[in-house]
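Values quoted throughout were computed directly from the atomic coordinates according to the rules given, and no laboratory measurement underlies them. As the structure is a prediction and not an experimental result, all values here were calculated from the model. Heads up, the Cβs are rebuilt from the backbone with ideal geometry, glycines too, and the neighbour counts pull from every protein chain shown.
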Amino acid sequence: MSQSPHVTVLGAGLAGTEAAWQIARAGVAVTLVEMRPIRRSPAHHSSDFAELVCSNSFGALSSDRAAGLLQEELRRLGSLVIGTADTHAVPAGGALAVDRGRYSAALTEALDQHPLVTIERREQQALPPEDAITVLATGPLTSEPLAEDLRQLTGRADCHFFDAASPILHGDSIDLSVAFRASRYDKGDADYINCPMDKEQYLAFRQALLEAEQAELKDFDKNDATFFEGCLPIEELARRGEDTMRYGPLKPIGLWDPRWGDVNDRDVRRAKRAYAVVQLRQEDKDGRLWNLVGFQTNLKWGEQKRVLQMIPGLGQAEFVRFGVMHRNTFLESPQLLQPTLQFRQRPNLLAAGQITGTEGYAAAVAGGWLAGTNAARLALGLKPIDLPATCMSGALTHFVSEAPTAKFQPMPPNFGLLPELPERIRDKRARYGAYRDRALQDLEPMRALQPQTVTA
């Protein structure tokens, strides 16, 4: 008598949570192994699934933006994580941001209550047997014993970079007589709190960042540290040049406080406009918590409080959580993985999420969807699927499996990954819209392969 199909998923982050759901959705029993709270990670703050570590934003919501297109593809593919993010969204202008606590709790409950999902809270110290269908979704913070076993399997040392998270503060400690609510260019509602700086304040703030004491970074030579360029610590941005921050996260363009006067009056605008602006994004549904956008940092906690309270409007800021930095490990995926996310030398082992070399929350979810879908198909005796490279989800998996390996680095969703359109379109918005239309059209055959949700 043959055994019932079964899959093991290692790690209950974004990718592992999505993978486990898609496996159960296909009617296959799945064991989801998560080391928290038995063993804590350097970056996580709870034991709930799919915790968002760096920020609460999945990126732009509009489907003519790369992150937004990826989100829309995942909605159409029946993603649990993106659907839950939509349910627990908080105001964030044109971005999909969530109430982190409620969102993670909802995902944890959904998997805990599914009859085909068994949750085991323990540290996995070695890969399961070769004949066991397994999804490796342990993320960039994979525990060392398991990472070493993976190195033995692949014969390759892992790659790494350093990532950081932004501080979070109490909303009622923000001085709104100085700060103001607005979205850039008045897009949507006034969803952000903005702290304006004049030139003198900005230069003093930058100097304080440059002089502030950093926390010790373990297990690597500080001089050789590699950062992910899409999530640089604010102090690293300050070091790169006097104007780097105000052309990045402190960009003042499109932000105006009506108390300054008529924005349409050129003389008023020139006299009153801010030299730089720090933005805060709502962290929870109730608007009690706010995070500093783009303020990933590795400063010591006392230094964070001292320097960040120099920001106008944050002089009395009360911090709920300070920023932290952690080491992110990823595989040399082009040497190891197929576009199906199966390991070339061990097809019953699949990888998903940041450990594959994708970057961004939605990209991790996409990897989890594909790895979970294919693990279930293997368990059911079906052929794994390969997502079209014309879709953002497929472009990412093709990149991590086919990119040149000389200097493989994590990649976020972007339109540069997609094949060229048949005809050249000069207007950028129209071009991105054409990419979107093609991607969603080419995704339709994948939707037809989806099972009906199985709950028993």
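Here are some notes:
- Compared with the alpha-carbon gap, the fully stretched path from Glu123 to Leu421 is longer by 102.7 nm at 0.36 nm per residue.
- Normalising the average separation of contacting C-alpha pairs (under 8 angstrom, six or more residues apart) by the number of residues puts the relative contact order of the chain at 24 percent.
- Taking max minus min of the alpha-carbon positions on each principal axis, region 281-427 gives extents of 59, 43, 37 Å, largest first.
- Paired Rg and Dmax values of the chain, which use every Cα atom, in angstrom: 22.5, 84
- Degrees separating the helix 66-76 axis from the principal Cα axis of the chain, which is the longest one: 40 degrees
- Translational diffusion coefficient of region 99-154 (Stokes-Einstein, Kirkwood radius from Cα pairs, 10 °C, 1.306 mPa s): 117 µm²/s.
- Too-long pairs where the Cα-Cα distance tops 24 Å, listed order kept, from Lys199/Lys285; Lys251/Lys305; Lys187/Lys300; Lys187/Lys305; Lys251/Lys272: Lys199/Lys285; Lys187/Lys300; Lys187/Lys305
- About the Cα centre, charge dipole magnitude for region 168-323 (Lys/Arg +1, Asp/Glu -1 at Cβ), debye: 400 debye
- Inter-label distance, nm, simple model (7 Å from Cα along the C-beta direction), Glu444/Lys187: 2.9 nm
- Between helix 144-154 and the chain: long-axis angle, C-alpha atoms, 0 to 90°, nearest 10: 60 degrees
- The magnitude of the dipole of region 294-403, with charges of +1 and -1 set on the Cβ of Lys/Arg and Asp/Glu and taken from the Cα centre, is near 260 debye.
- Farthest toward positive dipole pole in the chain [+1 Lys/Arg, -1 Asp/Glu at C-beta], among Trp301, Tyr185, Leu107: Tyr185
- Cα-based shape type of region 168-323, given that a ≥ b ≥ c are square roots of the gyration tensor eigenvalues and the cut on a/c is 1.5: prolate
- Helix axis angle, 14-25 relative to the chain longest principal axis, alpha carbon, degrees: 40 degrees
- Alpha carbon Rg of region 386-441, scaled by the compact-globule rule 2.2 N^0.38 Å: 1.19
- Magnitude of the charge dipole for the chain, about its Cα centre and with charges confined to Cβ atoms of Lys, Arg (+1) and Asp, Glu (-1), is about 700 debye.
- Taking 1.002 mPa s as the viscosity and 20 °C as the temperature, the Stokes-Einstein diffusion coefficient of region 352-456 based on its alpha-carbon Kirkwood radius rounds to 142 µm²/s.
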